[in-house]
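Notes to accompany the following structure.
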Amino acid sequence: MDLSPATQFDLHRRMVRIRLFEEAAGRLAEANKLPGFLHLYVGEEAVASGVCGALNDDDHITSTHRGHGHLVAKGGDFRRMMAELMGKATGYCKGKGGSMHINDLSLGMLGANGIVGAGSPIAVGAAFANRYRGRGQVAVAFFGDGSTNIGAFHEAANMACALHLPIVFACENNEYGEFTPRDKTMAITDIVDRAAGYGMPGVIVDGMDVVAVHEAAVEAVERARTGGGPSLIEAKTYRFYNHHGVQNLGLKYRSDDEVAEWKQRDPIFSFEDRMIANGVADRAQFDEIWAELRAAIDDAIAFADESPYPTPDQVLVDVYTGGRH
Amino acid sequence: MADQRKLPYVMAFNEAVRQAMEADPDVFCAGEDIGAFGGVFGTYSGLQATFGADRVVDTPISEQAIIGLGVGAAVTGLRPIVDIMFMDFICVALDQIVNQAAKLKYMFGGDAVLPLTITTAGGGGLSAAAQHSQSLEALLCHIPGLKVVYPSNPYDMKGLMMSCIREDNPTVMIKHKRLLGMSGHVPTEPYSIPLGIANVAREGSDVTIVAYARMANEALAAAAKLADEGIECEVIDPRTLQPLDTATIVESAKKTNRVVVVHEAVRFGGLGAEIASQIQELAFDWLDAPVHRVGAPFSPVPFSPALEQHYIPDATTIANGVRQVLGRPVLAG
């Protein structure tokens, strides 16, 4: 598939937006300006961008604890995201959810999720609703390699296939479940081996190559949209920062060489080199894009900084729709 | 002449689902064995024949995915009814119920609306042993974001189930297994009973008995027996356990000055503890005796009928609880 220059710039832009947002969040966390946990998506940008670039605005996605990238890729608003990370009233969740529950239902982004594996059954429900309504929308469940060891994933994959739902299971295999390497927690090398057990096609793609991810996603989304049922995409990828936070925390669970090796394959820089080599773009264009998006991040940080915290009377608001009774 | 049609509890539930599905195309049902088979208790009988397999969906035995199906469909605009065959099995799906369904709205800053009804079957008395007989309602009532309903008779079942389906929050409707065949007056037309409103099932002046589900009926039997001894009991059936109609309970406590709280669940940490606590906080000066709790002993539900009939409270144990708060001699069963 030859991607049009417009599509290539679109995928590139999604990735840069994620990178800049996450690096800014990391800096704020190091400056103790963000309460709570922070799971950064840096390194994995090609996966969310390649998949979301294959979706329509009204398609649904479910996400993970490492969810900022999915929301950014689906079109999330920097200001409301940054404000939420700071716990401000102007944030996506009005300061009640934070990093792990960031969402935008108007963009079909059904929430980051603090429970590993929990998003997949919810994606099954969205896929069911989409078929029920017959509007041709699809659902994508993003999940990590670790969550395929959880029962919820198995139940969701099996039910989606049994009901032949319009859904794509998009696995971000970053080789580590928190701090434990994959080979200590499962006896298979490739998550895609599990797809056959549910009766759905599966494909492995280079998760550092946004074009490869995008092409696989286009095919799987098309299959779902045209009644062909579920698919699984396994994107081999890597997180450049830790499971949570930015610094190494003194935890040596992977070697410096391994991290450096993966960073050589940076999904954004390698794609830029390719676009330049193919004569699709030049460096000056990229410089402009980075500068523009950096300004947008600075604006979002300023917005979040200036935003008020929620007032204590908000604790009991929105526990129930329409009040308690 | 008013409609005096009688219907069993199970068909009151079924009729509420049927009428809700007729009225609203966004309502669908999903669960194990509920389609062609009609549910193991017959609660969904005949619905797939009427509404088709796309609206009355047979699912795998996958409780997490069943609730997840409901959560995802609800948050994207449908009005799902999802069934967990036995209440004990909610434990398999607690993440989706407690961490997802109950909290999405709040965690998302209010944007999410979850018009989700979870139906299940609770209670003992069928020699079904410890994994098919539990009363776990207190566990659910402890979770902000959920509503919990547990009707005691066919009339309440239909009206409350209708409210659950129309409700824009995740609601757990518990059917008591021993009440499925209970017959009673159920109007033919659709009607709803608001959630969070208790029913004063019998008025009385001497003692208040707060009891729900099958225990509400046992409490009424106890009250009839005690009336022969000259003791007038007021029986309050909360019907909805979350939100709890504390005002009606406290008002009655202030009137009778003595309260017995009854449930089939184990006494320790049960809903009765919360009700007793609310009464002492809000009506301490009116009480002439400590609030008495009747519940199951702190053990799993036993299998043998010889043990189970001893384990589950009944009209006799409730009557003795009433005599105790009145300082009267407790009688042998």
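All of the numbers you see were taken from the coordinates with simple rules; none came from a lab. Being a predicted model, the structure only gives us computed values, none of them experimental. Neighbour counts run over all protein chains shown; Cβ positions are idealised from the backbone, glycine included.
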Relative contact order [Cα under 8 Å, 6+ residues apart], segment B:6-185, whole percent: 27
If you rank A:Ile122, A:Ile268, A:Ile276 by fewest surrounding Cβ atoms within 10 Å, what's the result? A:Ile276, A:Ile268, A:Ile122
Given A:Lys184/A:Lys236; B:Lys158/B:Lys225; B:Lys158/B:Lys255; A:Lys33/A:Lys96; A:Lys88/B:Lys105, which pairs have Cα atoms separated by over 20 Å? B:Lys158/B:Lys225; B:Lys158/B:Lys255
Give the separation of the Cα centroids, segment A:191-241 to segment A:42-70, in Å. 13
Taking every DSSP beta bridge that has both residues in segment B:199-325, what percent is antiparallel when rounded to the nearest 5? 20
Tell me the relative contact order for chain A as a rounded percent, counting alpha carbon contacts under 8 Å between residues six or more apart. 22
In which sequence would B:Phe89, A:Phe271, A:Phe153, B:Phe298 go, from the one with the fewest C-beta neighbours within 10 Å to the one with the most? B:Phe298, B:Phe89, A:Phe271, A:Phe153
Bin width 5 Å, alpha-carbon pairs only: give the P(r) of segment A:104-164 as whole percents, running from 0 to the bin holding the largest distance. 4, 19, 28, 25, 15, 8, 1
In whole Hz, the Karplus estimates of ³J(HN,Hα) for segment A:261-266 (6.51, -1.76, 1.60; θ = phi - 60°; x where Gly or Pro) are 4, 5, 5, 4, 9, 2
Could you grab the relative contact order for chain B? Cα pairs under 8 Å, six or more apart, rounded to a whole percent. 16
Let me make sure I get this right: for segment A:1-143, a, b and c are the square roots of the gyration tensor eigenvalues over alpha carbons, sorted descending. Under 1.5 in a/c it's rounded, otherwise prolate if a/b > b/c, else oblate. Which is it? oblate
Please report how far the C-alpha centroid of segment B:164-206 lies from that of segment B:96-154, rounded to the nearest whole angstrom. 15
For segment B:260-333 and segment A:254-325, distance of Cα centres in Å: 58
For B:Cys29, distant residues with modelled amide H under 5 Å away: B:Val56, B:Val57, B:Ile81
Do any trypsin sites (Lys or Arg not before Pro) in segment A:126-158 lie in a loop, going by DSSP, with at most 16 other beta-carbon atoms within 10 Å of their beta carbon, and if so which? A:Arg135
When the charge dipole of segment A:200-325 is computed with +1 at the Cβ of Lys and Arg and -1 at the Cβ of Asp and Glu, the Cα pointing farthest to the positive end, of A:Leu232, A:Ala260, A:His214, is that of A:Leu232
What residue among B:Leu7, B:His142, A:Ser49 has its Cα farthest toward the positive end of the dipole of the protein assembly as shown, where the charges are +1 on Lys, Arg and -1 on Asp, Glu, each on the Cβ? B:Leu7
Rounded to one decimal in Å, the inverse mean reciprocal Cα-Cα distance for chain A, i.e. its Kirkwood radius, is 20.0
Set Lys and Arg Cβ to +1 and Asp and Glu Cβ to -1, take the dipole of the protein assembly as shown about its Cα centre, and tell me which of B:Ala227, B:Pro60, A:Ala302 lies farthest positive. B:Ala227
Let me know the charge dipole size of segment B:46-103 about its Cα centre in debye, to the nearest 20, where only the beta-carbon of Lys, Arg (+1) and Asp, Glu (-1) is charged. 240
Taking loop as defined by DSSP and a crowding limit of 13 other beta carbons within 10 Å, which trypsin sites (Lys or Arg not before Pro) in segment A:160-256 fit? A:Lys252
With just the Cα atoms of the protein assembly as shown, tell me how far they stretch along each of the three principal axes, in Å, largest first. 97, 53, 48
Going by how many other Cβ atoms sit within 10 Å of their own, how do B:Asp314, B:Asp3 line up, fewest first? B:Asp3, B:Asp314
